[in-house]
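K.L.:
Sharing a structure below in structure tokens format, with a few things to ask.
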Amino acid sequence: MIQLKTMLNCIDNSGAAVVECVQVLKKKRPATVGDRIVVVVQKQRNFGSDSTGNSGIANKVRRGDIRHAVVVRARKEMQRPDGSIVRFDDNACVLINKAGEPIGTRMNGVVATELRGRQWSKILSLAPMHV
Amino acid sequence: MANSSSILQQLGCFRSLLTKPRVTPVNTTGRRMLTTAWSAKPAPIPFPKELPEQFHDQIPKRFRPDLAPKKIKIYPPPAQPKCKDPIDFIAQTQLQKLDPSGKRRELFDYRRHARSVKPGDIIRVTFKNGDPFAGVVLSIKLRGADTSVLMRNQLTRVGVEMSVKVFSPNVESVEIVQRTQKRKRRARLYYLRQPRHDMGSVENLVANYLRQKRALTGAKMGGNRKR
């Protein structure tokens with residue numbers, strides 16, 4: 001149930017820590033895992049941002065940036081075709097560019113397997129674990 | 001004169017005896033007052049038998065002889081069904097199909113079987129496609145063939161809950177990793193979601209259990225629970 005003003009954790013190394021949803025794309029309903037949304041970066045990770053601007057782990061996004069993202073975890077439970085239900089304790093997303101490729105190169109945190117069927121296989125393979 | 005008139009005046013009181021007693025008028029307007037006398041409903045006038053056919057349509061419809069009160073058709077009761085409780089029958093056949101040995105039923109029917117999974121236990125469910133899920137049992141919903149178990153775990157420090165239909169063909173095996181030390185006083189342990197009660201990750205316990213199991217059963221993985 002990710003909609004306007006929902007705050008999500010960003011679990012990639014793009015530099016964003018907390019983002020806010022401003023738009024759900026291709027849907028008239030709240031977004032769930034696998035949906036593309038538009039977000040505003042609200043809080044950025046503070047590693048390598050001001051001390052060493054060109055150290056390889058520089059933040060690719062800054063506070064206030066508007067980016068696209070894919071929801072990878074949702075608090076709202078989702079039902080699988082076999083009747084099992086999965087729910088996470090937080091809402092999380094991964095930033096992507098307009099073409100749909102992830103901005104970050106690494107991800108930390110479990111993601112939902114629902115990403116597989118929906119063109120986000122690359123994100124699923126980047127994730128350390130999926131449920 | 002005066003005498004005769006006074007006598008006549010006195011005789012005047014006998015007039016009331018001579019006149020007929022007055023009868024209260026019969027209720028003609030159809031209104032019944034408290035004072036009107038009750039009268040029985042007049043008996044229906046039988047239909048005149050020798051009335052020629054051509055006069056029939058002058059009589060109100062409801063009095064005509066051919067318009068008898070409508071007969072209500074009474075159907076015989078439907079045939080008794082073969083089984084008393086069809087829903088229960090279907091549930092039983094489904095269970096027979098999904099769990100022929102009855103072991104899975106025993107494993108989750110915590111009201112009847114002492115050695116079953118109980119809320120608070122740590123279990124590990126392996127699916128057909130190979131990936132397992134382990135967690136603390138928060139609740140067991142006993143609903144016949146739709147019986148499900150809700151597990152909770154922390155993966156990469158994110159709480160994950162999964163509800164699994166235990167009789168689903170996708171569920172390959174269910175193992176009890178650890179039983180609760182103390183019987184839980186609740187059937188639904190939803191309070192384990194609160195940070196102060198959260199058990200955290202059970203991955204270490206599960207890894208330990210798997211290591212022990214491997215040592216006991218040889219290097220083989222998988223299989224049924226051995227406890």
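The values are calculated or read from the model by the stated rules, or taken from the named source; none is laboratory data. Keep in mind that what you see is a predicted model, and the values were worked out from it rather than measured. All Cβ positions, even for glycine, are placed from backbone atoms using ideal geometry, and neighbour counts span all protein chains on display.
K.L.:
Sort out which residues of the range B:141-168 are part of a strand (DSSP E or B) and polar (S, T, N, Q), and write them in order of number.
P.N.:
Of the residues in the range B:141-168, the ones part of a strand (DSSP E or B) are B:141, B:148-155, B:158-165.
Of everything in the range B:141-168, those that are part of a strand (DSSP E or B) and polar (S, T, N, Q) turn out to be B:Ser148, B:Asn153, B:Gln154, B:Ser163.
K.L.:
Among the numbered criteria (1) more than 11 Å from chain A (Cβ to nearest Cβ); (2) part of a helix (DSSP H, G or I); (3) within 27 Å of A:Glu114 (Cβ to Cβ), which one does B:Leu205 miss?
P.N.:
Result: B:Leu205 passes all but (3).
K.L.:
Is it the case that B:Leu210 is of a type outside the set (Phe, Trp, Tyr), away from chain A (no Cβ under 11 Å) and not in a loop (DSSP other than H, G, I, E, B)?
P.N.:
Numbers: of a type outside the set (Phe, Trp, Tyr): yes; away from chain A (no Cβ under 11 Å): yes; not in a loop (DSSP other than H, G, I, E, B): yes.
For B:Leu210, the condition - of a type outside the set (Phe, Trp, Tyr), away from chain A (no Cβ under 11 Å) and not in a loop (DSSP other than H, G, I, E, B) - is met.
K.L.:
Turning to a different aspect of this structure: In the list B:Leu95, B:Leu155, B:Leu150, B:Leu138, which residue meets the criterion of being aliphatic (A, V, I, L, M) and over 30 Å from A:Asn91 (Cα atoms)?
P.N.:
Values: B:Leu155 fails: over 30 Å from A:Asn91 (Cα atoms); B:Leu150 fails: over 30 Å from A:Asn91 (Cα atoms); B:Leu138 fails: over 30 Å from A:Asn91 (Cα atoms).
One residue alone meets the criteria, B:Leu95.
K.L.:
Filter the range A:79-93 down to the residues that are of a type in the set (A, V, I, L, M, F, W, C) and more than 7 Å from chain B (Cβ to nearest Cβ), then identify the one that is surrounded by the fewest Cβ atoms within 10 Å (Cβ to Cβ). Even if it seems obvious, please write down each step before you answer.
P.N.:
Initial filter on the range A:79-93 (of a type in the set (A, V, I, L, M, F, W, C)): A:85-86, A:88, A:92-93.
If we keep only those that are more than 7 Å from chain B (Cβ to nearest Cβ) too, we end up with A:92-93.
Numbers: A:Ala92: 27, A:Cys93: 31.
Looking at the filtered set, the residue picked out is A:Ala92.
K.L.:
Something else: List pairs: first residue in the range A:42-64 and part of a strand (DSSP E or B), second residue modelled with pLDDT of 90 or more and loosely packed, with under 14 Cβ neighbours inside 10 Å anywhere in the structure, Cβ distance under 9 angstrom, at least six positions apart or on different chains.
P.N.:
A:Gln42/A:Gly64; A:Gln44/A:Arg62
K.L.:
Kindly indicate which of B:Leu138, B:Leu189 is closer than 30 Å to A:Val111 by Cβ and either within 14 Å of chain A (Cβ to nearest Cβ) or β-branched (Val, Ile, Thr) (or both). Talk me through it step by step, then tell me what you get.
P.N.:
Details: B:Leu189 fails: either within 14 Å of chain A (Cβ to nearest Cβ) or β-branched (Val, Ile, Thr) (or both).
Every option except B:Leu138 fails the conditions.
K.L.:
Would you pick out the residues in the range A:29-40 that are over 21 Å from A:Gly117 (Cβ atoms) and out of contact with any Cys (no Cβ under 6 Å at 6 or more places or on another chain)? If you could, list the steps in order and put the result at the bottom.
P.N.:
Quick first cut of the range A:29-40, residues over 21 Å from A:Gly117 (Cβ atoms) only: A:38-40.
Scanning the range A:29-40 gives A:Val38, A:Val40.
K.L.:
Confirm whether B:Thr180 is within 40 Å of the chain's Cα centre (by Cα), more than 14 Å from every other protein chain (Cβ to nearest Cβ) and touching a residue at least 24 places away in the same chain (Cβ under 8 Å).
P.N.:
Working: within 40 Å of the chain's Cα centre (by Cα): yes; more than 14 Å from every other protein chain (Cβ to nearest Cβ): yes; touching a residue at least 24 places away in the same chain (Cβ under 8 Å): yes.
The answer is yes for B:Thr180.
K.L.:
Identify, by number, the condition in (1) surrounded by 19 or more Cβ atoms within 10 Å (Cβ to Cβ); (2) in contact with a helix residue (DSSP H, G or I) (Cβ under 9 Å, 6 or more places away or on another chain) that B:Ser139 doesn't meet.
P.N.:
Result: B:Ser139 fails condition (1) only.
K.L.:
Provide a single number: the residues in the range A:95-131 that are within 14 Å of chain B (Cβ to nearest Cβ), on the phi < 0 side of the Ramachandran plot and either hydrophobic (A, V, I, L, M, F, W, C) or in a loop (DSSP other than H, G, I, E, B) (or both).
P.N.:
Result for the range A:95-131: 12.
K.L.:
Among the residues of the range B:147-164, is there at least one that is over 36 Å from the mean Cα position of the chain (by Cα) and more than 10 Å from chain A (Cβ to nearest Cβ)?
P.N.:
no
K.L.:
Would you check if there is a residue in the range A:105-115 being touching a Cys at 6+ places or on another chain (Cβ under 9 Å) and either touching a residue at least 12 places away in the same chain (Cβ under 8 Å) or closer than 30 Å to B:Phe167 by Cα (or both)? Before the answer, list the steps.
P.N.:
The initial filter retains those residues of the range A:105-115 that are touching a Cys at 6+ places or on another chain (Cβ under 9 Å), namely none.
No; the residues of the range A:105-115 include none that is touching a Cys at 6+ places or on another chain (Cβ under 9 Å) and either touching a residue at least 12 places away in the same chain (Cβ under 8 Å) or closer than 30 Å to B:Phe167 by Cα (or both).
K.L.:
Does B:Val117 satisfy being closer than 26 Å to A:Thr113 by Cβ, within 14 Å of chain A (Cβ to nearest Cβ) and β-branched (Val, Ile, Thr)? So that I can check it myself, show each step before the final result.
P.N.:
On the way: closer than 26 Å to A:Thr113 by Cβ: yes; within 14 Å of chain A (Cβ to nearest Cβ): no; β-branched (Val, Ile, Thr): yes.
Criteria not met by B:Val117.
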